[in-house]
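Here the structure is laid out as structure tokens; the discussion comes afterwards.
The values are calculated or read from the model by the stated rules, or taken from the named source; none is laboratory data. Treat the numbers as computed from the prediction; the structure is a model and nothing was measured. No Cβ is skipped: glycine too gets one built from the backbone with ideal geometry, and neighbour counts run over all protein chains shown.
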Amino acid sequence: MNVLSIVFKHKRGGYNRRLYELYSSLADKGHQVYYVSSEYLPVEHGNIHPLVSRIPFSSRENLLFWFMFLAAAVFHVISLSIRCRIDRIVNFSPLYTLLCAYPIVFNKARAITFIRADNLLHGTNPLRNLFFHAADRVGLRLSSEIISVNRQLQSIYQRRFNLPAARFRVLPNNIPEMGRLDAMGKTGQRRRLGLDDEHFLVATSGVFSPGKNFSFLIRTMADFRNLAIKLVLIGDEQARTGERHRLEELACEVGLSDRVLFCGWQEDPLPLVACADLFVFPSRFEGSPNALLEALGCGIPCFGSRTPEIAEILDHDELLFSLATRTELAGMIKRAATDISYYNLIKKLSQESGRRFRFDWSAAAVELVTSDGLLPEPT
């Protein structure tokens, strides 16, 4: 089977990691995977074939870059479709599926579009949102199957574009297989952070952006000046947005520069997450956050903001907090740090929440891509 995909460039985070995982799994099964990009992606296999156009201004991602990349992508798609029989289109964005209209229409290729997040929530420019609204509408109508990362996104896109429910399938992210730190390993990690065993360590991780709402968590930490509670932030900004600088300034402003630890981007954040006592995820909107799932896999208790997407993962109200004020989260963290019975309860509820997400994501995704119709949801 010949599979065609588009991704404009490599970025750190779960979006690209999942995409590369799918490419590799398809290639391992003997399928030929062709990807169109503005640069070579960090995924190599004898059955993975890059179609790269070096586009000026890629570091700035301005309008000129996007115009040139979209034009080059359409050229590559048409050229490859003429030379090869494209059987499947696999993209993580309806816009990229739209760019693959030629093989969908003329080669009758089946298009599988994965919806990872609500694209209209990530921009405030009305012209940008109008463009993506139109592109999403056409790209999804060209799709044979639409694979949403959670039920909330399915509901949003189904209503927004009046699409039939039969076109949709929910495939959440999974909890990856990982080892847990033993007591000595946890102590060693904490020592490297300059922490003693009596410190109660709260962790969070992800790409630094306003939507992740890490500033909410930093401000909440200001309520614990008389307790041995510290916060470790694992991650960084994707580009030079200034978000990390704003968060560091905020920590100084509220007098917590010595209690908020910035660890930078970690290719393997799990040892730092696993040495924490509690993971808190205050995001305003999400798809199926890998950071939260990885924390559940580490076996530590987790709190998340009370949004529909996060509530699908943390399906116990005791683990959810409102973003309207910091009072609820502050009370939950303080109680977790001082009440062992409560701590054991939220740990148990977190473990229960994580059980549904222990499955082979790659195998499920490959089966969806290579089948001729929708399959039952993984259990």
In this structure, does Ser24 turn out to be touching a strand residue (DSSP E or B) at 6+ places or on another chain (Cβ under 9 Å), under 30 Å from Ser205 (Cβ atoms), not aliphatic (A, V, I, L, M) and not in a strand (DSSP E or B)? yes
Could you name every one of the helices (runs of 4 or more DSSP H) located completely within the stretch 298-379 that has at least 2 residues being free of Cβ contacts under 8 Å to residues at least 60 places away in the same chain and in contact with a strand residue (DSSP E or B) (Cβ under 9 Å, 6 or more places away or on another chain)? 308-311, 327-338, 340-354
Of Ser144, Ser155, Ser215, the only residue that is polar (S, T, N, Q) and over 22 Å from Tyr15 (Cα atoms) is Ser215
Could you tell me whether the stretch 279-297 includes any residue that is surrounded by 14 or more Cβ atoms within 10 Å (Cβ to Cβ) and without any contact (Cβ under 8 Å) to a residue 60 or more places away in the chain? yes
Does Ala276 satisfy the criteria of being part of a loop (DSSP other than H, G, I, E, B), in contact with a strand residue (DSSP E or B) (Cβ under 6 Å, 6 or more places away or on another chain) and within 30 Å of Leu19 (Cα to Cα)? yes
Taking only the stretch 65-92 into account, find how many residues are closer than 15 Å to Val7 by Cα and touching a residue at least 60 places away in the same chain (Cβ under 8 Å). 7
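Take the conditions of a type outside the set (Val, Ile, Thr), touching a residue at least 24 places away in the same chain (Cβ under 8 Å) and exposed (fewer than 14 other Cβ atoms within 10 Å of the Cβ) and apply them to Phe106. Does it pass?
Values: of a type outside the set (Val, Ile, Thr): yes; touching a residue at least 24 places away in the same chain (Cβ under 8 Å): yes; exposed (fewer than 14 other Cβ atoms within 10 Å of the Cβ): yes.
For Phe106, the condition - of a type outside the set (Val, Ile, Thr), touching a residue at least 24 places away in the same chain (Cβ under 8 Å) and exposed (fewer than 14 other Cβ atoms within 10 Å of the Cβ) - is met.
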Considering only helices (runs of 4 or more DSSP H) fully contained in the stretch 162-253, which possess at least 2 residues that are surrounded by 12 or more Cβ atoms within 10 Å (Cβ to Cβ) and aliphatic (A, V, I, L, M)? 214-221, 243-253
Can you tell me which of (1) more than 21 Å from the chain's Cα centre (by Cα); (2) modelled with pLDDT under 95; (3) surrounded by 15 or more Cβ atoms within 10 Å (Cβ to Cβ) is the one Gly373 doesn't meet? (3)
Is there any pair with a first residue in the stretch 1-22 that is at pLDDT 95 or above and a second that is among the polar types (S, T, N, Q) and assigned to a loop (DSSP other than H, G, I, E, B) whose Cβ atoms are under 6 Å apart and which are 6 or more apart or on different chains, and what are they? none
Scanning the stretch 254-270 for residues that are over 23 Å from Asp339 (Cα atoms) and in contact with a strand residue (DSSP E or B) (Cβ under 7 Å, 6 or more places away or on another chain), which turns out surrounded by the most Cβ atoms within 10 Å (Cβ to Cβ)? Pro269
Return yes when Val273 is over 20 Å from the mean Cα position of the chain (by Cα), surrounded by 21 or more Cβ atoms within 10 Å (Cβ to Cβ) and in the same structural domain as Ser288 (by TED's automatic domain parsing) and no when it is not. no
Determine whether the stretch 8-16 contains at least one residue that is more than 21 Å from the chain's Cα centre (by Cα) and crowded, with 16+ Cβ neighbours inside 10 Å. no
